[in-house]
Amino acid sequence: MAARRMSSLLSSSYAPALLRSLDRISGRGRGIGRFSTAVALEEPIIPPVKVEYTKLLINGQFVDAASGKTFPTLDPRTGQLIANVAEGDIEDVNRAVSAARKAFDEGPWPRMTAYERSRILLRFADLVEQHADEITALEVWDNGKPYEQAAGDEIPLFIRLFRYYAGWADKIHGLTIQADGPYHVQTLHEPIGVAGQIIPWNFPLLMYAWKVGPALACGNTIVLKTAEQTPLSALYVSKLFHEAGLPPGVLNIVSGYGPSAGAALASHMDVDKLAFTGSTETGKIVLGLAAKSNLKPVTLELGGKSPFIVCEDANVDEAVDLAHNALFYNQGQCCCAGSRTYVHERVYDEFVEKAKARAFQRVVGDPFKKGVEQGPQVDSDQFEKILKYIRSGVDNGATLETGGERFGSKGYYIQPTVFSNVQDDMLIAKDEIFGPVQSILKFKGVKEVIRRSNDTQFGLAAGVFTQNLDTANTLSRALKAGTVWINCFDVFDAAIPFGGYKMSGHGREKGVYSLSNYLQVKAVVTHLKNPAWL
């Protein structure tokens, strides 16, 4: 079966319009090439958008950082400056939390009807749809992901997520409970208060939607810290939120670094709830800061090292294509990437040869150009980290089938890389590389692959490719992961919950389960005098 990507879940009219806009800024086939050519890239395309918002958004106004400091956000295609952005720190977090607290305690947002909140969320989604070209261009420019991916998959899903949560806003309610005695018992589902949210750089807008959507639908106020690598798109869309009628102070955006702004938010005594997406290592720090301050509840969506299991009955051509997309999508910068490709020994050699050929054909280039499948990694740190892991794979005895080097002479491009003969104890099989590096491992039987797949600190996702229903059922129940995709991968519908087992985090995002992250449950018990019935 062919993989169903995010775009296949959406029958939108605006995704094709976004892709048509790419014709205006690029020509198909110019300046793109298979990575094996290793030629220097053409001069990068000038993005069709102007950077308008670089300040902090606090209490409905764009303001400078209290310190006056800024930090650079860079174009990963070149390493050159896009813009200088206000650098928030503890004083700015305090200002933002104060605004959010006042908006929650005194403002109209939690007091307006849920239907009114729903209408604001829907108006916001409409405005994003109207400004989709500019938003897509900002996301691509700041992050390096292919324009066709952002326009076809991510922006439509962003819009869908807010419309999904707009639909939930007026359907949040408690229960009436039968008690043993003359009591009327009901539960209230109340907004938790001020939510602190910290999002990563790999999917800036989607992570914004995963967190902001349910928090606002439940009636909370927010202080959100963007990743320092990718601050621009969140500032732009948050301006649209206020155009949609969101009251001042309900949504505050602080750009800045983790050790300063992130730590201040996680440890703030007046933040009622914290949600974080990022590495497991940083997640531990965030959880500790939350515990040491006011013991605020924390939702964590952390790292992964997801197994992708190709069984002996698989159609090898289809399995190769699905495994390729499971790993290389978004330059491999996915927490749930299928980065341990387990292939049954009977089809292993054929799979390796075809996986190598597919990676060799992957089109690397300027993400604004048509036909490009892979852009640059997000920054120099990520670029160097990936190359270090590639060197470790070679040093540890894995077979480098293709790739393994820089692509071009500038920017943070890396050749799509495939290793075979990978062993479970190698770093490339254990650590989250977060890059375009496919590790192919061999297995003999179902029990063996279950044991090896689960022998990891992570448990975010897994993929299974088989034509046997019994095998699919066995693996889906045995794999210790928050999501198991059967004959598909990276299906991210708005209603499907997402989260991890073990050190991949706790709590769930998306779907109805995410609402519980932003609600308090209160039991109200009233004594009944001479009740007609119980």
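The values are calculated or read from the model by the stated rules, or taken from the named source; none is laboratory data. The structure presented is a predicted model; accordingly, all values stated were derived computationally and were not measured. All Cβ positions, even for glycine, are placed from backbone atoms using ideal geometry, and neighbour counts span all protein chains on display. Heavy atoms of the whole protein, side chains included, go into the accessibility calculation; ligands, DNA and RNA do not. Shrake-Rupley method; radii C 1.70, N 1.55, O 1.52, S 1.80 Å.
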Among residues belonging to region 234-269 that are touching a Gly at 6+ places or on another chain (Cβ under 9 Å) and within 17 Å of M112 (Cβ to Cβ), point out the one that is surrounded by the most Cβ atoms within 10 Å (Cβ to Cβ). L251
Could you grab the pairs with beta carbons closer than 8 Å, sequence gap of 6+ or different chains, first residue in region 75-89 and closer than 15 Å to A227 by Cβ, second one of a type in the set (A, V, I, L, M, F, W, C) and in a strand (DSSP E or B)? I82/L74; V85/F71; A86/L56; A86/V63; E87/F71; G88/L56; G88/V254
So which pairs qualify, if the first residue must be in region 206-235 and closer than 19 Å to G256 by Cβ and free of Cβ contacts under 8 Å to residues at least 12 places away in the same chain, the second must be open to solvent by 10 Å² or more (accessible area, probe 1.4 Å) and in a helix (DSSP H, G or I), the Cβ gap must be under 6 Å, and the two must be at least 6 apart or on different chains? none
Looking across region 307-326 at residues that are surrounded by 24 or more Cβ atoms within 10 Å (Cβ to Cβ) and either free of Cβ contacts under 8 Å to residues at least 60 places away in the same chain or within 15 Å of the chain's Cα centre (by Cα) (or both), the single one that is nearest to D455 (Cα to Cα) is A326
Are any residues in region 342-353 open to solvent by 70 Å² or more (accessible area, probe 1.4 Å) and closer than 14 Å to T402 by Cβ, and if so, which ones? E353
Looking at G167 and the list (1) closer than 18 Å to T299 by Cβ; (2) not in a loop (DSSP other than H, G, I, E, B), which single condition is not satisfied? (1)
When every residue in region 404-423 that is part of a loop (DSSP other than H, G, I, E, B) and under 24 Å from the mean Cα position of the chain (by Cα) is compared, the one surrounded by the most Cβ atoms within 10 Å (Cβ to Cβ) is P416
Determine whether K388 is open to solvent by 10 Å² or more (accessible area, probe 1.4 Å), farther than 28 Å from L441 by Cβ and among the basic types (K, R). no
Among the numbered criteria (1) farther than 30 Å from Q331 by Cα; (2) in a helix (DSSP H, G or I), which single criterion is violated by G174? (2)
